[in-house]
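One structure is given here, and the rest of the page talks about it.
The values are calculated or read from the model by the stated rules, or taken from the named source; none is laboratory data. Computed from a predicted model, the values in this text were never measured in an experiment. Don't worry about glycine lacking a Cβ; one is built from the backbone with ideal geometry, like all the others, and counts go over all protein chains shown. With ligands, DNA and RNA removed, areas are computed over all heavy atoms of the protein, side chains included. Shrake-Rupley method; radii C 1.70, N 1.55, O 1.52, S 1.80 Å.
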Amino acid sequence: MFTPLEYLLIALSAVAAGLINALAGGGTLITFPMLTFVGIPGVAASITNTVALSPGYLGATFAQLKDLRGQERRMWVLAPISALGGIIGGVLLLRTGEKLFSDLVPYLILLAALLLAVQDPIRAWVGKRAGANASATRLENLAVLPVGFAAIYGGYFGAGLSV
(Lines give C-alpha, C1' and ligand atoms only; values in the text may rest on other atoms or scores of the structure.)
Protein backbone atom coordinates (compact mmCIF):
# COMPACT_ATOMS: atom_id res chain seq x y z
CA MET A 1 0.00 0.00 0.00
CA PHE A 2 1.13 3.55 -0.63
CA THR A 3 1.92 6.13 2.00
CA PRO A 4 0.01 9.43 2.01
CA LEU A 5 3.14 11.13 0.62
CA GLU A 6 3.28 8.66 -2.27
CA TYR A 7 -0.39 9.28 -3.06
CA LEU A 8 0.31 13.01 -3.04
CA LEU A 9 3.32 12.61 -5.36
CA ILE A 10 1.30 10.46 -7.76
CA ALA A 11 -1.56 12.99 -7.75
CA LEU A 12 0.79 15.92 -8.36
CA SER A 13 2.50 14.09 -11.22
CA ALA A 14 -0.92 13.32 -12.73
CA VAL A 15 -1.90 16.99 -12.62
CA ALA A 16 1.46 17.98 -14.12
CA ALA A 17 1.07 15.35 -16.86
CA GLY A 18 -2.41 16.63 -17.70
CA LEU A 19 -1.12 20.18 -18.02
CA ILE A 20 1.85 19.08 -20.13
CA ASN A 21 -0.38 16.95 -22.38
CA ALA A 22 -2.73 19.90 -22.85
CA LEU A 23 0.16 22.06 -24.04
CA ALA A 24 2.43 19.79 -26.03
CA GLY A 25 2.12 16.12 -25.08
CA GLY A 26 4.65 14.03 -23.21
CA GLY A 27 2.96 13.93 -19.80
CA THR A 28 3.90 10.27 -19.62
CA LEU A 29 7.49 11.40 -19.12
CA ILE A 30 6.32 12.71 -15.73
CA THR A 31 3.88 10.04 -14.60
CA PHE A 32 5.74 6.89 -15.67
CA PRO A 33 8.90 7.67 -13.67
CA MET A 34 6.74 8.62 -10.67
CA LEU A 35 4.86 5.32 -10.81
CA THR A 36 8.11 3.37 -10.91
CA PHE A 37 9.57 5.59 -8.15
CA VAL A 38 6.77 4.56 -5.77
CA GLY A 39 7.48 0.90 -6.51
CA ILE A 40 5.14 -0.12 -9.31
CA PRO A 41 6.94 -2.51 -11.70
CA GLY A 42 7.70 -1.05 -15.15
CA VAL A 43 5.19 -3.03 -17.23
CA ALA A 44 2.37 -2.39 -14.73
CA ALA A 45 3.37 1.28 -14.54
CA SER A 46 3.24 1.60 -18.33
CA ILE A 47 -0.20 -0.02 -18.53
CA THR A 48 -1.52 2.04 -15.59
CA ASN A 49 -0.11 5.19 -17.13
CA THR A 50 -1.69 4.56 -20.52
CA VAL A 51 -5.09 3.74 -19.08
CA ALA A 52 -4.98 6.75 -16.74
CA LEU A 53 -4.14 9.22 -19.52
CA SER A 54 -6.61 7.79 -22.07
CA PRO A 55 -9.57 9.96 -21.00
CA GLY A 56 -7.44 13.03 -21.75
CA TYR A 57 -6.81 11.81 -25.29
CA LEU A 58 -10.52 11.16 -25.77
CA GLY A 59 -11.29 14.63 -24.43
CA ALA A 60 -8.75 16.17 -26.80
CA THR A 61 -10.38 14.36 -29.70
CA PHE A 62 -13.78 15.82 -28.81
CA ALA A 63 -12.23 19.26 -28.36
CA GLN A 64 -10.76 19.06 -31.87
CA LEU A 65 -13.82 17.66 -33.65
CA LYS A 66 -14.28 20.76 -35.79
CA ASP A 67 -10.66 20.41 -36.98
CA LEU A 68 -11.36 16.80 -37.93
CA ARG A 69 -14.24 17.68 -40.24
CA GLY A 70 -13.38 16.82 -43.82
CA GLN A 71 -10.75 14.29 -42.68
CA GLU A 72 -12.97 11.21 -43.10
CA ARG A 73 -10.87 9.67 -45.85
CA ARG A 74 -7.68 10.10 -43.85
CA MET A 75 -9.41 8.62 -40.80
CA TRP A 76 -10.50 5.53 -42.74
CA VAL A 77 -6.92 5.05 -43.94
CA LEU A 78 -5.06 5.73 -40.69
CA ALA A 79 -7.45 4.65 -37.90
CA PRO A 80 -7.24 0.90 -38.65
CA ILE A 81 -3.43 1.10 -38.89
CA SER A 82 -3.34 3.00 -35.59
CA ALA A 83 -5.61 0.49 -33.85
CA LEU A 84 -3.68 -2.49 -35.19
CA GLY A 85 -0.34 -0.92 -34.22
CA GLY A 86 -1.61 -0.14 -30.71
CA ILE A 87 -2.78 -3.72 -30.27
CA ILE A 88 0.56 -5.08 -31.53
CA GLY A 89 2.43 -2.77 -29.13
CA GLY A 90 0.22 -3.83 -26.22
CA VAL A 91 0.72 -7.52 -26.98
CA LEU A 92 4.48 -6.95 -27.24
CA LEU A 93 4.43 -5.20 -23.87
CA LEU A 94 2.62 -8.10 -22.23
CA ARG A 95 4.96 -10.65 -23.84
CA THR A 96 8.24 -8.77 -23.30
CA GLY A 97 8.69 -9.44 -19.62
CA GLU A 98 9.70 -7.07 -16.86
CA LYS A 99 13.48 -7.43 -17.26
CA LEU A 100 13.64 -6.62 -20.98
CA PHE A 101 11.11 -3.82 -20.61
CA SER A 102 13.14 -2.28 -17.76
CA ASP A 103 16.29 -2.52 -19.88
CA LEU A 104 14.52 -0.76 -22.78
CA VAL A 105 12.98 2.06 -20.70
CA PRO A 106 15.95 4.49 -20.99
CA TYR A 107 15.92 4.11 -24.77
CA LEU A 108 12.14 4.45 -24.89
CA ILE A 109 12.35 7.67 -22.89
CA LEU A 110 15.09 8.95 -25.20
CA LEU A 111 12.88 8.13 -28.19
CA ALA A 112 9.96 9.93 -26.50
CA ALA A 113 12.09 13.03 -25.96
CA LEU A 114 13.19 12.89 -29.61
CA LEU A 115 9.59 12.53 -30.81
CA LEU A 116 8.59 15.58 -28.77
CA ALA A 117 11.53 17.57 -30.10
CA VAL A 118 10.82 16.86 -33.77
CA GLN A 119 7.02 16.91 -33.83
CA ASP A 120 6.69 20.60 -34.77
CA PRO A 121 9.34 20.59 -37.55
CA ILE A 122 7.85 17.41 -39.01
CA ARG A 123 4.32 18.83 -38.83
CA ALA A 124 5.50 21.99 -40.60
CA TRP A 125 7.36 19.99 -43.27
CA VAL A 126 4.36 17.74 -43.94
CA GLY A 127 2.02 20.74 -44.06
CA LYS A 128 4.29 22.50 -46.52
CA ARG A 129 4.54 19.39 -48.69
CA ALA A 130 0.77 18.91 -48.58
CA GLY A 131 0.28 22.48 -49.75
CA ALA A 132 2.85 22.16 -52.53
CA ASN A 133 1.76 18.71 -53.61
CA ALA A 134 -1.60 18.20 -55.29
CA SER A 135 -1.66 14.52 -54.35
CA ALA A 136 -2.90 14.39 -50.75
CA THR A 137 -3.69 10.71 -51.31
CA ARG A 138 -0.01 10.00 -51.89
CA LEU A 139 0.92 11.71 -48.61
CA GLU A 140 -1.77 9.75 -46.77
CA ASN A 141 -0.43 6.52 -48.19
CA LEU A 142 3.10 7.47 -47.17
CA ALA A 143 1.86 8.22 -43.65
CA VAL A 144 0.70 4.64 -43.11
CA LEU A 145 4.17 3.34 -42.24
CA PRO A 146 5.23 6.01 -39.71
CA VAL A 147 1.75 6.03 -38.17
CA GLY A 148 1.90 2.25 -37.84
CA PHE A 149 5.31 2.39 -36.14
CA ALA A 150 4.17 5.21 -33.85
CA ALA A 151 1.09 3.19 -32.91
CA ILE A 152 3.20 0.14 -32.06
CA TYR A 153 5.47 2.34 -29.96
CA GLY A 154 2.43 3.96 -28.35
CA GLY A 155 0.89 0.59 -27.53
CA TYR A 156 4.18 -0.55 -26.03
CA PHE A 157 5.20 2.55 -24.07
CA GLY A 158 3.22 5.61 -25.14
CA ALA A 159 5.52 8.39 -23.97
CA GLY A 160 6.19 11.21 -26.40
CA LEU A 161 3.09 10.73 -28.48
CA SER A 162 0.90 13.77 -28.46
CA VAL A 163 -2.55 14.62 -29.63
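Just a few scattered comments:
- Tally of residues being modelled with pLDDT of 85 or more, farther than 13 Å from Ala112 by Cα and open to solvent by 60 Å² or more (accessible area, probe 1.4 Å) across segment 21-38: 1
- Thr50 being at pLDDT below 85, buried (at least 17 other Cβ atoms within 10 Å of the Cβ) and within 28 Å of Thr3 (Cβ to Cβ): yes
- For segment 95-112, a residue qualifies if it is touching a helix residue (DSSP H, G or I) at 6+ places or on another chain (Cβ under 9 Å) and either surrounded by 13 or more Cβ atoms within 10 Å (Cβ to Cβ) or hydroxyl-bearing (Ser, Thr, Tyr) (or both), and the qualifying residues are Thr96, Phe101, Ser102, Leu104, Val105, Leu108, Ile109, Leu111, Ala112.
- Per the listing Ile30, Ile87, Ile47, the residue uniquely touching a helix residue (DSSP H, G or I) at 6+ places or on another chain (Cβ under 6 Å), of a type outside the set (S, T, N, Q), part of a helix (DSSP H, G or I) and in contact (Cβ under 8 Å) with a residue 12 or more places away in the chain is Ile30.
- Annotation for segment 67-83: no member residue is closer than 13 Å to Phe157 by Cα and exposed (fewer than 15 other Cβ atoms within 10 Å of the Cβ).
- Residue in segment 53-66 that is farthest from Phe157 (Cα to Cα), counting only those that are among the hydrophobic types (A, V, I, L, M, F, W, C) and surrounded by 14 or more Cβ atoms within 10 Å (Cβ to Cβ): Ala60
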